[in-house]
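The values are calculated or read from the model by the stated rules, or taken from the named source; none is laboratory data. Because the structure is predicted, anything quoted here is derived from the model rather than measured. When we count neighbours, we look across all protein chains shown, and the Cβ atoms used for this are built from the backbone with ideal geometry, even at glycine. For the accessible areas, the whole protein counts, side chains as well, though only heavy atoms, and no ligand, DNA or RNA atoms are used. Shrake-Rupley method; radii C 1.70, N 1.55, O 1.52, S 1.80 Å.
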Amino acid sequence: MKKAAVDENRSKDGSWLLGLAVLSALIFIVMPLCFDIFRLNLVGKYLTYAFVAVGLVLCWGQGGILSLGQGVFFGLGGYCMAMFLKLEASDPKSTAIQSTPGIPDFMDWNQLTKLPWFWQPFHSLTFTLIAVVLVPSLFAFIIGVAMFKRRVGGVYFAIITQAVAAILTILIVGRQGLTGGINGITDLKTLHGWDIRTNGAKYVLYFINAGLLVASLLVSKYITSSKLGRLLLAMRDKEERVRFSGYDVSNFKVFIFCMAAGISALGGAMFTLQVGFMSPSFVGIVPSVEMVIFTAVGGRMSLLGAVYGTLLVNFGKTYFSESYPALWLLLMGGLFISVVMFFPNGLAGLYDQHLKKRVAAAGARFRAGRAAGLKTAPAGEPPGMEKTAATLPGGIPGKRTKGPKQPLETRP
Amino acid sequence: MTNTEVLLAIEDLTVSFDGFKAVDALNLYVNKYELRAVIGPNGAGKTTVLDLICGRTKATAGRIQFKEKDLTKLSEHQIVHLGVGRKFQTPSIYGNLTVFENLEISFPRGRTVLGSLVFRRTQDIRDRVREVAKEIFLDAHLDMEAELLSHGQKQWLEIGMLLIQEPELMMLDEPVAGMSVKEREQTAELLGRICRNRSVIVIEHDMEFVKSIAHKVTVMHQGKILAEGTMESVQENEKVIEVYLGH
Amino acid sequence: MGGYTFSELGSIFVMQGFSGLSLFCVYLLMALGLAIIFGQMGVINMAHGEFLTMGAYTTYFMSKLAVDHFPALVGIYFPFAIILGFLIAFGMGYLLEVLLIRHLYKRPLDTLLATWGVSLVLQQVFRSAFGAREVSATLPAWLLGSVKPTETIDIPLNGLFMMGLTLVLSLLVFIFLFRSRWGLKVRATTQNRVMSGGVGINTKKVDRMTFAVGCGIAGVAGAVFTTIASTGPTTGSLYIVDTFLVVVFGGAASLVGTVASAFSIAQAQSVLEFFLTSSIAKVLTLLTVITVIMARPEGLFTIRVRK
């Protein structure tokens, strides 16, 4: 009987890898062939948001932790990168006309005469590359420890992450001498002497970005299929039981929240490189919530779905906000409502309902042909998603299945 | 009882909620390999005592000594690691996982973040899961989703999830609620086997069941201990009779 | 603080305290409705701010109507605007509950997302209907001007009026909750939903009414809001996160807590604003609130209960 289960797992992972291959082909081959560099750069930009969406699958879909402040981590990653690029663009020669040459232009405009201490280490590329992931993860660690150790969760956590996003935006905008203010950090030119504004560089960055995204997907898949992934699911529904099975629940939550933050930060850094600036408009409440809808559209439990969801929503956004800007907000609002009300499993759910059987049947025929005698999963019951379908409708509670009366885990 | 070594010593334990003392200066001693039943009318504080022992509720005052450690100072998972298992009043299992997975997730390995990332389903785990499943009469249902089990079977499964951790003290809150007569008998037999190498505290309302399993019975009332002793002696205690029939 | 005389400093504190009181009123007006809804149903309504905007636009519309067509009524349209603001927000709230919220009671996080969508839609509707620019209701003459108790203190009348209204509204909510039969049902449902259902309270109906009333209060808040500030499509959403922190800080389901927390947060922010830049003041206030919530996740004013 265990043999069947192992086979089942194998075919589950197999079909996921197949899905990843399809996605990779789309990103690595189809897109670059179909689009000119301008459009491809746009796709690249969308794909940087997909990092956030993938992170949200981990912490929201799998862990039940809804963060409405993922823009914070995207932004921190992006800012770390931007600080390095800005310092490189602000060498004494090109800033000679400033009253203090050698510091970023916005600092000069704000009467700063010395580079602030926290900018200093960003002269080093190595430091920057480490900081891009480490700073946001560390920040997430602090928030996570503070919240999860105190058993703050569910809607409370969501609201607090929103407040954090608000705080960071206010800080960035308010202290413009240190951060570039509302305009953000702009006029970025070279990465270690390599001009990132050329078409060639944009191609290279696009592929690096795509590669990092696939790597993030693989790491995330490893996590969700490990025991840790199962524990997260178990916690989402029966946190108390997990705790009394001897697990320190908060550690797992902190971990997955940090993972999500780190992955989002990668996206942020790649955004800065590809788009050439970073600004507080990617940090605040509105972009952060918007990123949640990418995940929701793709299917909150589906890593691959998150990427498709991000692409779809952003293509839609670009199309509509160019042609019918007023309509876009209505559509966006409608999307939030309808995804939650009618398609809680998003695109992935629709795929499972309508297409998966056929794909699985084809796959089963293929496998049966290849290795007759090896027991394959019955075509009618694709494993994997069935479980999500069973979990979701009852309630996708942050923490709480007890009912609305006591929405915050308290400790009498 | 051949072994009278004390495993759990509760002294002066008090917890108050906004002035109301749910547990009031309680003293309770449980020996090694003892099966203790705690009975009492609703609101007597029975479940709260279990909550206090396993760290779900923090005590206002008093000590809970378990294997030289004071449990009141530890967090829930540390208490579990020390060897205390707790079954809840309503069966708390993972409904969308199979019986096998329910037991596997309770297996005490890969309990840290890192450990759970590298956790593999090895042969010894499979063997142990099957062994426990057999003990809780569920070996034929290993692949069934736990949601589909009967109420009684869910109670067993939760007991099994504790057993697989091999705790030295098991606390069961109403383990036979919702069980058929036959299931009750099986459970009594199971508990008899379980307490051969560990101590068990059972909260139960079913007096027949308590009579059939308990070595010693503690009667609680209004956060205090009203009487303690064998079932027969307790049943003849006038204070106990008054509490149970007096109103 | 050199350079100020003692009396100047006193005036500054009074004025700053007054501006804190205005902020307190806005917070409280928004938070009252939210606290009732959140306390009873655990529902986070991200579109709550838009109900305030709704009331504000209603008032603007009434004032425009009065100015354009019935100049004689300019002095007295305001009470009608309050009533209409309540009714419209109440009706929309009722509709929202029936169409959306009631399907999501068991999924608080999803409610949060769905109502965010509702708020986006409403904002766009406002923008299409009233334009993106901020509008101001024409205030009756008796609301203009200010009181000057001393040489250096200057307190605007409209601000005082708003405080008065806030007080009245809060009292009404208290009376409604603690003196009316229906309030009893609400409190019963808040404390023990299952039991309330057991004793024959139609908890679904109570939920629907509570939600609608909460939204209605926001509508009134919007009407009151127009006396001190202008209205734009996103006016309501500016305060939504702050208001949630107010509710959580005070402890959901505790109205006294809500009042106290609205007061302390508003005053802290306004006093800090005088000594620091406004952005830093805001950051410090939010950080303090978050820290307190962490230390006491159940809120400042809730009682310890047995699980």
Could you tell me whether the range B:122-164 comes out rounded, prolate or oblate from its Cα gyration tensor? Rule is a ≥ b ≥ c as square roots of the eigenvalues, rounded for a/c under 1.5, then prolate if a/b exceeds b/c, otherwise oblate. prolate
Quick one: check the C-alpha center-to-center distance for the range A:229-263 versus the range A:125-161, whole angstrom. 15 Å
What is the range A:1-147's relative contact order, in percent, from Cα pairs under 8 angstrom and six or more apart in sequence? 17 percent
Report the accessible surface area buried between chains A and C, summing both sides, using a 1.4 Å probe on protein heavy atoms only, in Å² rounded to the nearest 100. 4400 Å²
Report the antiparallel proportion of the DSSP beta bridges in the protein assembly as shown as a percent, rounded to a multiple of 5. 60 percent
Give me the 1.4 Å probe accessible area per residue for chain C, excluding ligands and nucleic acids, in Å². 42 Å²
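What value, in deg cm²/dmol to 500, does the helix sum -39500 (n - 2.57) over DSSP H runs of n ≥ 4 give at 222 nm once divided by the residues of chain B? Walk me through the numbers on the way to the answer.
Values: 10 runs with 91 residues, N = 247.
That comes out to -10500 deg cm²/dmol.
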0 to 90° range, to nearest 10: angle between helix A:125-148 axis and chain A longest Cα axis: 60 degrees
Which value at 222 nm does chain C reach when only helices count, each DSSP H run of 4 or more adding -39,500 (n - 2.57), with the total divided by all residues and rounded to the nearest 500 deg cm²/dmol? -24500 deg cm²/dmol
Of the accessible area of the range A:1-151, with the probe set at 1.4 angstrom, what percent is carbon plus sulfur? 71 percent
Quick check: with the 1.4 Å probe, what order do B:204, B:183 take by accessible area, largest first? B:183, B:204
Roughly how many nanometres apart are two label points built 7 Å out from the Cα toward the Cβ at residue B:14 and residue A:26? 6.5 nm
Computed for chain C: size of charge dipole around the Cα centre, +1 on C-beta of each Lys and Arg, -1 on C-beta of each Asp and Glu, debye to nearest 20, value 1440 debye
Considering only protein heavy atoms, with the full assembly of protein chains and a 1.4 angstrom probe, order C:48, B:221 by accessible area, largest first. B:221, C:48
Could you work out the mean count of beta carbons from other protein chains within 10 Å of each residue's beta carbon in B:109-116? 6
Report the one residue of A:139, A:121, A:56 whose Cα lies farthest in the direction of the positive end of the charge dipole of the range A:35-284 (charges on C-beta: Lys and Arg +1, Asp and Glu -1; origin at the Cα centre). A:56
Over chain A, average the accessible area per residue using a 1.4 Å probe and give it in Å², no decimals. 39 Å²
For residue A:33 paired with residue C:229, estimate the spin-label separation in nm (one decimal), with each label point 7 Å from Cα along the Cα-to-Cβ line. 5.5 nm
Picking from B:88, B:172, B:195, whose Cα lies most toward the positive end of the charge dipole for the range B:70-211 (charges on Cβ: Lys, Arg +1; Asp, Glu -1)? B:195
Provide, in order from the shortest bin, the percent of all Cα-Cα pairs of chain B in each 10 Å bin, continuing until the bin that contains the maximum pair distance. 7, 30, 35, 21, 6, 1
Beta carbons within 10 angstrom, averaged per residue: use that to sort the peptides A:302-313, A:172-183, A:13-24, highest first. A:302-313, A:172-183, A:13-24
Can you give the angle from 0 to 90° between the axis of helix A:199-225 and the longest principal axis of chain A, with both taken from C-alpha atoms, to the nearest 10? 40 degrees
To the nearest 10 Å², what's residue B:32's accessible area with a 1.4 Å probe? 60 Å²
With all protein chains present, chain C has a carbon and sulfur share of its accessible area (1.4 Å probe) in percent of 70 percent
Roughly how many Å² is the accessible area per residue of chain B, as a whole number, for a 1.4 Å probe? 42 Å²
The range A:62-80 and the range A:297-315 have their Cα centres apart by a whole-number Å value of 16 Å
Of A:45/C:106; B:182/B:211; B:224/C:185; B:32/B:87; A:114/A:149; B:87/B:224, which pairs sit farther than 28 Å apart, going by alpha carbon to alpha carbon? A:45/C:106; B:224/C:185; A:114/A:149
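Exactly which GluC sites (Glu not before Pro) in the range B:1-89 are in a DSSP loop and have at most 14 other Cβ atoms within 10 Å?
When the GluC sites (Glu not before Pro) of the range B:1-89 are filtered for loop state and at most 14 Cβ neighbours within 10 Å, B:5, B:68 remain.
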Hey, any idea what Rg/Rh is for the range A:35-284, computing Rh the Kirkwood way over Cα pairs? 1.02
Treating the beta-carbon of each Lys and Arg as +1 and of each Asp and Glu as -1, no other charges, what is the dipole magnitude of the range B:1-95 about its Cα centre, to the nearest 20 debye? 220 debye
Just to be sure I understand: if you take the accessible area of chain C alone plus chain B alone and subtract the pair, with a 1.4 Å probe, what total do you get in Å², rounded to 100? 600 Å²
Find the relative contact order for the range A:35-284 and round it to a whole percent, using C-alpha pairs within less than 8 Å whose residues are 6+ positions apart. 44 percent
Beta bridge orientation in the range B:97-247: antiparallel %, DSSP, nearest 5: 55 percent
For chain B, the percent of accessible surface on carbon and sulfur atoms (probe 1.4 angstrom, ligands and nucleic acids excluded) is 50 percent
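Which shape class, rounded, prolate or oblate, goes with the range C:3-102 when its Cα gyration tensor gives a ≥ b ≥ c as root eigenvalues, a/c under 1.5 marks rounded, and past that a/b bigger than b/c marks prolate?
Oblate.
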Per its Cα gyration tensor (rounded if a/c is under 1.5, else prolate when a/b beats b/c, else oblate), the protein assembly as shown is best filed as oblate
Roughly how many whole Å is it from the C-alpha centroid of the range B:198-227 to that of the range B:86-154? 28 Å
Would you calculate a helix-derived [θ] at 222 nm for chain A, using -39,500 (n - 2.57) for each DSSP H run of n ≥ 4 and dividing by the full residue count, to the nearest 500? -22000 deg cm²/dmol
What is the range C:18-236's relative contact order, in percent, from Cα pairs under 8 angstrom and six or more apart in sequence? 44 percent
